[in-house]
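Worksheet for the structure shown next.
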Amino acid sequence: MNVNRRVQTLDEFTIQQLRDFPQATGELSHLLRNIGLAGKRVHVEVNKAGLVDILGDAGTINVQGEEVKKLDVYANDQFTRVLQHGIACAGIASEELDDFVPFDDAKSVKSKYVCLFDPLDGSSNIDVNVSIGTIFSIYRRVTPIGTVVTKEDFLQPGNQQVAAGYIVYGSSTMLVYATRRGVNGFTLDPSIGEWTLSHPDIKCPEQGKIYSVNHGNFFQYDKAVQDYIATCQKKDKETGGPYTQRYIGSMVSDVHRNLIKGGIFMYPGTTDKPKGKLRLLYECNPFAFIVTVAGGKATNGKIRILDVEPTELHQRSPFFVGSKLMMEELETYLN
Ligand code: P6P
């Protein structure tokens with residue numbers, strides 16, 4: 001079997017970044033590799049999910065005599081543990097945990113980053129075999145190095161993110177992350193157990209032909225949103241309309257597809273839920289950062305989502321993200 005030796009692994013890529021920036025301490029590279037390690041472990045379990053009935057359902061004891069955890073609890077534990085035992089993270093916040101978790105051991109308090117994540121977004125799709133994902137967001141702490149992190153280290157606006165990314169457990173498993181220098185995608189090669197650089201320097205096409213929204217909520221959206229959706233369905237030589245509607249109800253997959261092919265993803269506020277459903281800190285901000293670095297745009301319907309000053313860890317926000325020209329067309333309706 002010929003192994004493609006020219007493809008860079010995540011480790012080689014992050015170490016190359018370190019060589020290109022001698023002043024870097026290597027902590028961010030180390031943190032990203034830790035996330036890659038946890039992602040590989042979650043990949044293994046997610047791919048077995050269909051077999052859980054054989055291995056025993058969550059909360060039962062499986063044939064190996066181990067307690068079978070819900071996959072999102074398992075994923076949360078993997079990301080928390082790998083970051084806590086690393087040397088680059090001073091604390092985490094997770095969709096699965098009510099409050100943030102400071103790492104107060106002697107080594108961790110000296111770390112300069114904090115990480116927020118949704119360990120397994122869309123986990124309700126697992127039992128119908130729809131792709132799911134992990135979403136993460138990395139900030140430099142604002143409290144003094146050497147002290148235990150506090151909530152203010154986590155309540156930072158998205159424009160302060162140092163890096164952000166996601167893992168999509170789909171037909172293949174991919175890790176995509178952005179720093180201010182660009183967006184790069186790595187596909188897990190199970191034959192060598194490595195993330196391999198498959199999508200270097202991802203750019204979001206300025207114009208796309210895909211719009212993603214839950215039509216079931218249509219009559220609960222603001223009129224401006226309804227009018228924009230109607231435009232997506234009309235013939236238009238200039239924009240290439242009508243667009244195709246693609247929405248699988250798993251944010252990581254929907255936004256990943258639109259990032260690569262071009263498109264717009266919307267989770268607007270509704271009359272029942274004016275703030276929408278998606279979480280600002282570990283769903284909206286990471287994707288807003290990634291798509292913006294790739295050339296797209298992201299708003300909460302009023303301002304750039306990256307400029308929103310957070311007040312709570314789990315606050316929700318309406319969310320619109322995607323190709324630059326499609327977002328600008330949407331904004332003509334929203335403004
Ligand atoms: P709805 C999954 O539960 C999730 O949080 C996102 O991944 C997804 O985009 C959204 O909810 C789907 O929500 O209300 O359209 O089913």
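To the nearest 500 deg cm²/dmol, what mean residue ellipticity at 222 nm is calculated for the chain from DSSP H runs of n ≥ 4 alone, each contributing -39,500 (n - 2.57), summed and divided by the residues?
Values: 8 runs with 92 residues, N = 335.
The helix-only estimate for the chain comes to -8500 deg cm²/dmol at 222 nm.
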Carbon and sulfur: what percent of the chain's accessible surface (1.4 Å probe)? 51 percent
Antiparallel content of DSSP bridges confined to segment 143-261, in %, to 5: 90 percent
With +1 assigned to the C-beta of every Lys and Arg and -1 to the C-beta of every Asp and Glu, and no other charges, what is the dipole magnitude of segment 210-334 about the Cα centre in debye, to the nearest 20? 280 debye
Work from the charge dipole of the chain (Cβ charges, +1 for Lys and Arg, -1 for Asp and Glu, about the Cα centre) and give the residue of VAL321, VAL73, VAL101 farthest towards its positive end. VAL321
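Under the √(5λ) rule applied to the eigenvalues of the Cα gyration tensor, what semi-axes describe the equivalent ellipsoid of the chain? Give them in Å, descending. Could the numbers behind the result be given before it?
On the way: eigenvalues 194, 109, 95 Å².
Over the Cα atoms of the chain, the ellipsoid semi-axes are 31, 23, 22 Å.
Explain nothing, just the number: relative contact order of segment 210-334, from Cα pairs under 8 Å at least 6 residues apart, as a whole percent. The partial results should precede the final answer.
Numbers: 207 pairs, mean separation 35.0, N = 125.
Result for segment 210-334 is 28 percent.
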Tell me the per residue accessible area of the chain using a 1.4 Å probe; a whole number in Å² is fine. 46 Å²
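For the ranges 34-46, 15-27, what's the packing order if you count other beta-carbon atoms within 10 Å of each residue, average per peptide, and put the highest first? List each step's numbers first, then the result.
Working: 34-46: 20.6, 15-27: 12.2.
Peptide ranking by packing, descending: 34-46, 15-27.
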The helix 71-84 Cα axis meets the longest alpha-carbon principal axis of the chain at an angle in degrees, between 0 and 90 and rounded to 10, of 60 degrees
For LYS112, go through the aspartates and glutamates and keep the ones whose alpha-carbon is under 16 Å away, minus same-chain ones fewer than eight residues off. GLU27, ASP104, GLU152, ASP153
For the chain, longest principal axis from Cα atoms; helix 10-20 axis from its Cα atoms; angle between them, nearest 10 degrees, is 90 degrees
At 7 Å along Cα-to-Cβ for each site, give me the label-to-label distance between HIS215 and ASN47 in nm. 3.5 nm
Taking the 0 to 90 degree range and rounding to the nearest ten, how far is the long axis of helix 324-334 tilted relative to the main principal axis of the chain, both from C-alpha atoms? 60 degrees
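Given the peptides 200-212, 127-139, arrange them by the average over their residues of other C-beta atoms within 10 Å, most packed first. Intermediate results must be reported in sequence, preceding the final value.
Working: 200-212: 18.7, 127-139: 21.3.
Put in order of decreasing packing, that is 127-139, 200-212.
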Note down the relative contact order for segment 10-199 as a percent, whole number, built from C-alpha pairs under 8 angstrom at least six residues apart. 16 percent
Over 30 Å between alpha carbons, listed pairs LYS70/LYS302; LYS235/LYS261; LYS151/LYS324; LYS151/LYS273: LYS70/LYS302; LYS151/LYS324
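Sort 178-188, 113-123 for me by packing, meaning the mean count of neighbouring Cβ atoms within 10 Å per residue, highest on top.
Numbers: 178-188: 18.8, 113-123: 26.2.
Order by mean packing, descending: 113-123, 178-188.
Taking each pair of different alpha-carbon atoms in segment 210-334 once, compute 1/r for the pair, average those values, and report the inverse of that mean as the Kirkwood hydrodynamic radius in Å to one decimal. Mind dumping the intermediate values first?
Details: mean 1/r = 0.0695 Å⁻¹.
Computed over Cα pairs of segment 210-334, the Kirkwood hydrodynamic radius comes out at 14.4 Å.
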Taking the alpha-carbon centre of each part, the distance from segment 249-320 to segment 213-241 in Å is 18 Å
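Counting pairs of alpha carbon atoms under 8 Å apart in space and at least six apart in sequence, what relative contact order in percent does the chain give?
On the way: 725 pairs, mean separation 50.1, N = 335.
Reported as a whole number, the value is 15 percent.
The values are calculated or read from the model by the stated rules, or taken from the named source; none is laboratory data. Please read all numbers here as calculations on a predicted model, not as lab measurements. For neighbour counting, all protein chains shown are included, and Cβ atoms are generated from backbone atoms with ideal geometry for every residue, glycine included. Note: areas computed on protein heavy atoms with side chains; ligands, DNA, RNA excluded. Shrake-Rupley method; radii C 1.70, N 1.55, O 1.52, S 1.80 Å.
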